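Data first, discussion second: the structure below is written as structure tokens.
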Amino acid sequence: MDGNGRWAKERGLPRSEGHMRGAEAIERIVETAADMGIRYLTLYAFSEENWNRPSEEVSALMLLLRHYLASKREKMVKEGIRFTAIGDISTLSADLQNEIRTTAEATKDCARTTLIVALSYGARQEICRAASKLASDGVRDITPEMFSKALFTAGIPDPDLLIRTSGEYRISNFLLWQLAYAEFYFTNTLWPDFDKIELTKAIDEYQGRERRFGMISEQIK
Ligand code: FPP
């Protein structure tokens, strides 16, 4: 969800204002995704590397997250949005961990769309953690299926489409394992301006792609 800072800067506003507008964009996109029948939506909200940002920005983001979960929980339940978080949640404040647990519990039976928020998330760290877990369980001859089950995303299908906003062309340590066969879509639009029209454009482009999974066209027709 890149571009919050630049969105604010262009308007002479503090970066935190950009994040606030970014959170509003999240609400719109979650609703739109659910209406479109998208079953899983993962948002990269805070990476492990984001801890290195100025402390005021980190605090503002953490506060925004807590506020978002507390204020949108009821709406998520009403709209059938199941909430879950991935990442090293233990590094978050006790208050935020509590909001995460309460929201996950309140929405656990919601079945329209699953909203996965990556918090204090890093894909390399996730992969090392999974490898350590399998090793400490004494597992040998690891298969991709077994490895997938040891990741934070166990039970969640791999993404079909990755969208990156604000003209950046990097993965930035996001879902490195899970994106193996995802389609990538890049847009110059800054995250706070990302809306239903933008999401529809991304989905339309995705639908025009031919996904061959290593095979040839004739095999998948
Ligand atoms: C990237 O833009 C955005 C982030 C690092 C934070 C995204 C998080 C939120 C919007 C908080 C709310 C989240 C939820 C799930 C309620 P940037 O700051 O890197 O922008 P820039 O590249 O323009 O500087």
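The values are calculated or read from the model by the stated rules, or taken from the named source; none is laboratory data. Predicted model, so just to flag it, every value in this text is computed and none were measured. Note that each Cβ is placed from the backbone with ideal geometry, even for glycine, and that neighbours are counted across all protein chains shown. Remember, those area values only see protein heavy atoms, side chains included, never the ligands or the DNA or RNA. Shrake-Rupley method; radii C 1.70, N 1.55, O 1.52, S 1.80 Å.
Classify segment 1-52 from the C-alpha gyration tensor, please: rounded if a/c falls under 1.5, else prolate or oblate depending on whether a/b exceeds b/c. Write down the numbers at each step before the final one.
Numbers: a/c = 3.54, a/b = 1.57, b/c = 2.25.
It is oblate, given that a/c is not under 1.5 and a/b is not larger than b/c.
Karplus couplings for segment 187-198 from phi (6.51 cos²θ - 1.76 cosθ + 1.60, θ = phi - 60°), rounded to Hz, Gly and Pro as x?
For segment 187-198, the Karplus-derived couplings read 9, 7, 4, 7, 3, x, 8, 6, 9, 4, 4, 5 Hz, x marking Gly and Pro.
I need the Kirkwood Rh of the chain: take the reciprocal of the average 1/r across all distinct C-alpha pairs and report it in angstrom. Don't skip to the end; give the middle numbers.
On the way: mean 1/r = 0.0538 Å⁻¹.
Roughly 18.6 Å, rounded to one decimal.
Could you work out the local net charge near residue 125, counting Lys and Arg as +1, Asp and Glu as -1, over the other residues with Cβ closer than 15 Å to its Cβ? Could the numbers behind the result be given before it?
Values: positive: 124, 129, 133; negative: 48, 49, 88, 126.
Taking every other residue near residue 125 into account, the sum is -1.
Carbon and sulfur: what percent of segment 148-211's accessible surface (1.4 Å probe)?
Numbers: 1730 of 3380 Å².
That fraction is 51 percent.
Determine the distance separating the Cα centre of segment 12-38 from the Cα centre of segment 173-221; give it in Å without decimals.
19
With the radius of gyration and the Kirkwood radius both derived from the Cα set of segment 78-150, what is their ratio Rg to Rh? Please list the in-between numbers first.
Values: Rg = 14.9 Å, Rh = 14.0 Å.
Radius of gyration over Kirkwood radius for segment 78-150 works out to 1.06.
Write down the accessible area per residue of segment 1-110 in Å², having rolled a 1.4 Å probe over the full set of protein chains.
On the way: 5860 Å² over 110 residues.
Counting only protein heavy atoms, the per-residue value for segment 1-110 is 53 Å².
Just to check I understand the Karplus step: with θ = phi - 60° and J = 6.51 cos²θ - 1.76 cosθ + 1.60, what whole-Hz values come out for segment 213-219, glycine and proline as x?
Coupling constants for segment 213-219: 6, x, 9, 10, 3, 4, 6 Hz.
What is the local net charge at residue 181, summed over the other residues whose Cβ is closer than 11 Å to its Cβ (Lys, Arg +1; Asp, Glu -1)? Don't skip to the answer; put the middle values down first.
Details: positive: 211, 212; negative: 158, 160, 183.
Once positives and negatives cancel, what remains is -1.
How big is D, in µm² s⁻¹, for segment 36-92 by Stokes-Einstein at 10 °C and 1.306 mPa s if Rh is the Kirkwood radius over C-alpha pairs?
Numbers: Rh = 13.2 Å.
Translational diffusion coefficient: 121 µm²/s.
Given the pairs 72/196; 108/196; 108/201; 149/221, which are separated by over 28 angstrom at their Cα positions? Before the final figure, lay out the partial values.
Numbers: 72/196 19 Å; 108/196 26 Å; 108/201 31 Å; 149/221 30 Å.
Distance filter (> 28 Å) returns 108/201; 149/221.
Assuming a ≥ b ≥ c are the square roots of the Cα gyration tensor eigenvalues, decide whether segment 1-104 counts as rounded (a/c under 1.5), prolate (otherwise, with a/b larger than b/c) or oblate.
Numbers: a/c = 1.87, a/b = 1.23, b/c = 1.52.
In terms of gyration-tensor shape, oblate.
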